[in-house]
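Pasting a structure here, questions to come.
The values are calculated or read from the model by the stated rules, or taken from the named source; none is laboratory data. Here the structure is a predicted model, which means the values were calculated and not measured. Here the Cβ positions follow ideal geometry from the backbone for every residue, glycine too, while neighbour counts run over all protein chains shown. Heavy atoms of the whole protein, side chains included, go into the accessibility calculation; ligands, DNA and RNA do not. Shrake-Rupley method; radii C 1.70, N 1.55, O 1.52, S 1.80 Å.
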Amino acid sequence: MKVLVLGGGGREHALAWKLQQESGVREVLCAPGNPGTATCARNVSLDILSPAAVTAFVQAEGVDLTVVGPEQPLAAGVSDALRAAGFAVFGPSQAAARLETSKAYSKAFMERHGVPTARARICDTADQADAAVAAFGAPVVVKADGLAAGKGVTVATTVEEALAAVDAAMRQGSFGTAGSTVVIEECLVGPEVSFFALCDGTRGLPIGSAQDHKRAFDNDEGPNTGGMGALAPSPLVDAALVDGVMRTVVEPVLAGMRSEGTPFAGVLYCGLMLTADGPKVIEFNVRFGDPEAQVVLPLLPVDLAPLLLAASAGQLPTEPLPPPTGARVGVVLASGGYPGAMTTGFPIEGLDVAAAADVTVFHAGTARGAGPDEVVTSGGRVLTVVGEGPDLRTARDRAYEGVARISFQDMQFRRDIAAKYV
């Protein structure tokens, strides 16, 4: 197959890296890609938010499968256009993608179909949101309805903090139209787990779990980010939990989406809180996570391309995948100031020596510099350094050995990724 991966971050580097190794894949293209994907794919210039441009490119290049990496092309209807033109695409429809692109839709959907989740109120005005905060008390969670680059959620420990989050989203417009509606919900208590299932519209196939680290600083302090590191598989997920999540979350979601005329085919990323009352959904994503993809995909014990093609055709296998062996720990290296104001364009040193037999460096916010081999920072999350090993301790040690070989101005990273599990 010739496979096109849409996107240019760490998730897309991990997808291209995985696909390029597989015997059934002839060529991987990545649009727009980054300096990292250039080592395992052919980067191409393409407006991935234009359904017409993507469809024309797929036809001209003879692409056999398009894999949509980030959520924005899904929200723009790229997968719908490709399907309408008769091309195989892995990624849900624009309507089905609302499970991620609208937190209000997702919350209402879960309530309609009995998916376990936190109690919540959907608020269309700031005054409604202020009243909901007062009713829930603290701690409480404030979520912007639309896409906000992983920064639209505030876990407020005080009522004042929650009201400030409402004010920022709804009165000051910090997230644009994404914050014109907010969801106020109870703050669930328990460890968080990321759970991934490939879906073909009817069936779901679990493919792995991970632990994300959302807060910017050590000890889970600081603002929420898109993710500062991850480990896989989650030590909190056993076979019984997998069965339970499939039964109470994934299968009801698939049945509900079918019943509402928007069957879900793609990857369903279930962000779960393991509460005293059982797993509850914090949020859904409708694509591979970042940085979770960088630790989950290397552990996949089978080829990815046939699974993605089968999911796109409604023909996922019914038998479960063999369990993964070993572990992966990924540490995100970010630009100073992330997730707030930051300066980029700094040369990155040590990339050539950081990658070793047991360390893989996935690029996210990087770009070509002035020199022929120079790579510079170009975003908030710059790199994910992934260590592999037979267990989490070994994988963690190797990841931080890789981190120690890389440097760029104002580099920031957490030093406690996976620490509580080793």
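Of the residues GLN59, GLN412, GLN94, which exhibits the maximal mean-square fluctuation in a Gaussian network model of the chain defined by a 10 Å Cα contact cut-off?
Taking springs between Cα atoms under 10 Å, the residue moving most is GLN59.
Could you order peptides 241-251, 32-42 by the average number of other Cβ atoms within 10 Å of their residues, highest first?
In descending order of packing, they fall as 32-42, 241-251.
What is the distance, in nm, between label points placed 7 Å from the Cα along the Cα-to-Cβ direction at GLN59 and at ARG26?
Taking the two extended label points, one gets 2.0 nm.
Ordering SER93, SER23, SER79 by how much accessible area each has at a 1.4 Å probe, largest first, what is the list?
SER23, SER93, SER79
Counting pairs of alpha carbon atoms under 8 Å apart in space and at least six apart in sequence, what relative contact order in percent does the range 306-422 give?
Over the range 306-422, the number comes to 34 percent.
When you count, for each residue, the other Cβ atoms within 10 Å and take the mean per peptide, how do 282-289, 297-304 rank with the highest first?
Going from most to least packed, we get 282-289, 297-304.
Cα centroid distance between the range 287-321 and the range 365-422, in Å?
One Cα centre to the other: 24 Å.
Can you give the FRET efficiency for PHE217 and GLN409, using 1/(1 + (r/R0)^6), R0 = 25 Å, r = Cβ-Cβ distance, to the nearest 0.05?
0.85
Show the residues, 5+ positions off or on another chain, whose built amide H is closer than 5 Å to the amide H of THR117.
VAL281
Something else about it: Using the Kyte-Doolittle scale, which helices in the chain average at least -1.0 and also have C-alpha atoms spread 20 Å or more along the helix axis, with helices defined as whole DSSP H runs?
Helices meeting the criterion: none.
OK, next. How much accessible area does HIS113 have with a 1.4 Å probe, in Å² rounded to the nearest 10?
60
So if we plug the beta-carbon distance of ALA168 and LEU236 into 1/(1 + (r/R0)^6) with R0 = 35 Å, what FRET efficiency do we get, rounded to 0.05?
Calculated value: 0.60.
Moving on to the next point. Just read off the accessible area of THR157 with the full protein assembly in place, 1.4 Å probe, to the nearest 10 Å².
Looks like 100 Å² after rounding.
Continuing with this model, one more query. Between ALA138 and CYS187, what is the label-to-label distance in nm when each label sits 7 Å out along the Cα-to-Cβ direction?
Those two pseudo-labels are separated by 0.8 nm.
Have a look at VAL353, LEU321, VAL140 and report the one farthest towards the positive end of the charge dipole of the chain, computed about the Cα centre with Cβ charges (Lys/Arg +1, Asp/Glu -1).
Positive-end residue among those listed: LEU321.
Have a look at MET257, LEU383, PRO70 and report the one farthest towards the positive end of the charge dipole of the chain, computed about the Cα centre with Cβ charges (Lys/Arg +1, Asp/Glu -1).
MET257
Compute the relative contact order of the range 5-111 as a whole-number percentage, counting only Cα pairs closer than 8 Å that sit 6 or more residues apart in sequence.
Here the relative contact order equals 21 percent.
Could you work out how much longer the chain between THR202 and VAL159 gets when fully extended? Use 0.36 nm per residue separation minus the Cα distance between them, nm to one decimal. Intermediate results must be reported in sequence, preceding the final value.
On the way: separation 43, 0.36 × 43 = 15.48 nm, distance 4.20 nm.
Length gained between THR202 and VAL159: 11.3 nm.
Shifting gears a bit: Within the range 275-291, which residues have the backbone N less than 15 Å from the label spot 7 Å out from ARG119 along Cα→beta-carbon, could you tell me?
From the range 275-291, the list is 277.
Given R₀ = 25 Å, what would the calculated FRET efficiency be for ASP397 paired with ASP373, taking r from the Cβ atoms and rounding to 0.05?
That gives a FRET efficiency of 0.30.
Number of Lys-Lys pairs in the chain under 25 Å by Cα, sequence gap 8 or more or different chains?
Taking the Cα cut-off of 25 Å, the pair count is 19.
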